[in-house]
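Visitor: Dropping the structure in here first, questions after.
The values are calculated or read from the model by the stated rules, or taken from the named source; none is laboratory data. Because the structure is predicted, anything quoted here is derived from the model rather than measured. Glycine gets a Cβ as well: all are built from the backbone with ideal geometry, and neighbour counts include every protein chain shown.
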């Protein structure tokens, strides 16, 4: 690591390193406990999930995931005894609790809405972002700083503040509760991040490459496509992942502007209910499935995290 | 001597290229056209989905419009909405809750975040891995986090209550973090701190790593104590980064909606009703569109104004 050598002259002593490491590891482990608990709860039976004292050792079941993916209905033991043998594992565990699988739940449609909206808006935001970033990075644009600041300032607005007119506008245009409406909205929110991050990445590509290409007879557009885009590939991927995570995690607009058709996962999870309140193993299962992609992305992004979360204000 | 064997610099090659005007026509669009072609779609989208709604909010804030009665006659009411927002005791209560939330989350996150960064900067073995582990909570969906913390905060069966009982001996079923007016404001502070301390740590770490080593060398030569080095080198040099982290956290937490909405929904009563939650209740539960538009504008101007003042202060610190 290049930065490690910067102040290595006053190298911390072994003991101070050891103590520092110990404290950091303890913090890291403690901060993972809530997450680990959720992942565990997903494999518990409903009664184990609300046991006192909380159970760390338990018999894992698929109850949680089964009730997440299917709608269950309670039946009498006589009714269940008369049924043909269970069709799948979920049917089997449900029958053990005097339930039968009545059909699929709404989880998969919500999850696929999340996927479609997140990927759709990311693709659009990165496309618009890379174009504007190139424009801002390479050309003299009148009022450049003001425009860039304007693009950033759209991120400072509390979502609820613009939610009212967007709600009215979408109602008039027939965009409320549609995936297209949500894709456009998330694109508009993400494009500010995309422009700022990508401008940073493109600024770092030496202009000489394109100039050489222009001299060789490329047009601007060709130079952009064949020289700049490949050079900026890493930056584009990092930016895309940040946009994906934002759209994936967004809740405020989703809960206000969608109700069924286009509803994403975050507003759906709190409404996973079983008999008598929230079905915690099912909620934990949904949370697990929802968070795993983020964990993967965090590991992929670790080198660019700093840049992403500060809008490119801090690099390195 | 063969001249063509000498590699030509780009400038020379450019000079030999065809005259500019002809070149442009031949190559299609001019640079200026390309620039506008590239930038205008973004600007258009932002105008349609950010500026236009904002202007609309301003317009609505001067009327008595109610979004659940689109056909009722709408009349202008001047600044009446602004007056009633600013004289509404509920709004001031929400502002106080927001201030409590902002103050404690920023204080705790800055102290913990800077402390962690300072420790990670000792570069013990495996610090890269553990840093990535610590960063995980801040990437998660605040809404989903708020929802699953309601599970951890359950009285008696919740892991939090059990841990508190284990550490302090207070009975796990004797208190409820999100059910009690006294504890709920702290419940949201705890979750936000859990989630965002890593963010402050990440930025502070960049700050600490940007401090050139020769400053410490010079201090060692001058026999300055470690304590003195910390106060005269480490902290002042990292200050712009700490301030930047505080700025981002401040803006985000002033707008805080998703995590708190799912954790407490502003309750119990209005103990954790932050500004954005009040705004949601006025706009989408009571449907007082004009009133809530005025409130939204007041909030936006406040964030914007405070952020601008703060950025000026930040720049002064940076240029020192």
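Visitor: Counting only residues that are under 25 Å from residue B:277 (Cα atoms) and in contact (Cβ under 8 Å) with a residue 12 or more places away in the chain, give me the helices (runs of 4 or more DSSP H) lying completely in region B:92-198 with at least 2 of them.
Guide: Fully inside region B:92-198 and qualifying: B:127-139, B:142-152.
Visitor: Is there a residue being at pLDDT 90 or above, part of a loop (DSSP other than H, G, I, E, B) and touching a helix residue (DSSP H, G or I) at 6+ places or on another chain (Cβ under 8 Å) anywhere in region B:277-292?
Guide: So far as region B:277-292 goes, no, none of its residues is at pLDDT 90 or above, part of a loop (DSSP other than H, G, I, E, B) and touching a helix residue (DSSP H, G or I) at 6+ places or on another chain (Cβ under 8 Å).
Visitor: If we scan region A:46-65, do we find a residue that is surrounded by 16 or more Cβ atoms within 10 Å (Cβ to Cβ), touching a helix residue (DSSP H, G or I) at 6+ places or on another chain (Cβ under 9 Å), within 30 Å of residue A:250 (Cα to Cα) and modelled with pLDDT of 85 or more?
Guide: Yes, the conditions are met somewhere in region A:46-65.
Visitor: Same structure, new question: From the list A:154, A:187, exactly one residue is touching a residue at least 24 places away in the same chain (Cβ under 8 Å), farther than 26 Å from residue B:290 by Cβ and either buried (at least 16 other Cβ atoms within 10 Å of the Cβ) or not assigned by TED's automatic domain parsing to the domain that holds residue A:122 (or both). Which is it?
Guide: A:187 is the lone residue from the list that is touching a residue at least 24 places away in the same chain (Cβ under 8 Å), farther than 26 Å from residue B:290 by Cβ and either buried (at least 16 other Cβ atoms within 10 Å of the Cβ) or not assigned by TED's automatic domain parsing to the domain that holds residue A:122 (or both).
Visitor: So in region A:147-169, with the set limited to residues that are more than 8 Å from every other protein chain (Cβ to nearest Cβ) and over 22 Å from the mean Cα position of the chain (by Cα), which one is nearest to residue B:65 (Cα to Cα)?
Guide: Among those residues, the one meeting the criterion is A:149.
Visitor: What single numbered condition from (1) surrounded by fewer than 24 Cβ atoms within 10 Å (Cβ to Cβ); (2) within 21 Å of residue B:31 (Cβ to Cβ) fails to hold for residue A:174?
Guide: (2) is the only condition that residue A:174 fails.
Visitor: Going by the conditions given, is residue B:133 crowded, with 18+ Cβ neighbours inside 10 Å, over 20 Å from the mean Cα position of the chain (by Cα), more than 12 Å from residue B:205 (Cβ to Cβ) and more than 13 Å from every other protein chain (Cβ to nearest Cβ)?
Guide: No, not satisfied.
Visitor: From the set of residues in region A:126-146 that are within 7 Å of chain B (Cβ to nearest Cβ) and free of Cβ contacts under 8 Å to residues at least 24 places away in the same chain, which is surrounded by the most Cβ atoms within 10 Å (Cβ to Cβ)?
Guide: A:135
Visitor: I've got another one for you. Which residue, of B:114, B:175, is modelled with pLDDT under 90 and in the same structural domain as residue B:245 (by TED's automatic domain parsing)?
Guide: The conditions single out B:175.
Visitor: Among the residues of region A:35-45, what is the count of those that are out of contact with any helix residue (DSSP H, G or I) (no Cβ under 6 Å at 6 or more places or on another chain) and either under 16 Å from residue B:149 (Cβ atoms) or at the interface with another protein chain (Cβ under 7 Å from one of its Cβ atoms) (or both)?
Guide: Going through region A:35-45 one residue at a time, the tally reaches 3.
Visitor: Hey, any hits in region A:96-118 for a residue that's within 28 Å of residue B:304 (Cβ to Cβ) and either within 7 Å of chain B (Cβ to nearest Cβ) or part of a helix (DSSP H, G or I) (or both)?
Guide: There is no residue in region A:96-118 that is within 28 Å of residue B:304 (Cβ to Cβ) and either within 7 Å of chain B (Cβ to nearest Cβ) or part of a helix (DSSP H, G or I) (or both).
Visitor: Answer with yes or no whether residue B:305 is in the same structural domain as residue B:95 (by TED's automatic domain parsing) and in contact with a strand residue (DSSP E or B) (Cβ under 7 Å, 6 or more places away or on another chain).
Guide: So residue B:305 does not fit the description; no.
Visitor: Check region B:220-240 and report whether any residue there is more than 30 Å from residue B:161 (Cβ to Cβ), touching a helix residue (DSSP H, G or I) at 6+ places or on another chain (Cβ under 7 Å) and within 8 Å of another protein chain (Cβ to nearest Cβ).
Guide: no
Visitor: If you check residue A:172 against the conditions, is it more than 8 Å from chain B (Cβ to nearest Cβ) and outside any loop (DSSP other than H, G, I, E, B)?
Guide: It is true that residue A:172 is more than 8 Å from chain B (Cβ to nearest Cβ) and outside any loop (DSSP other than H, G, I, E, B).
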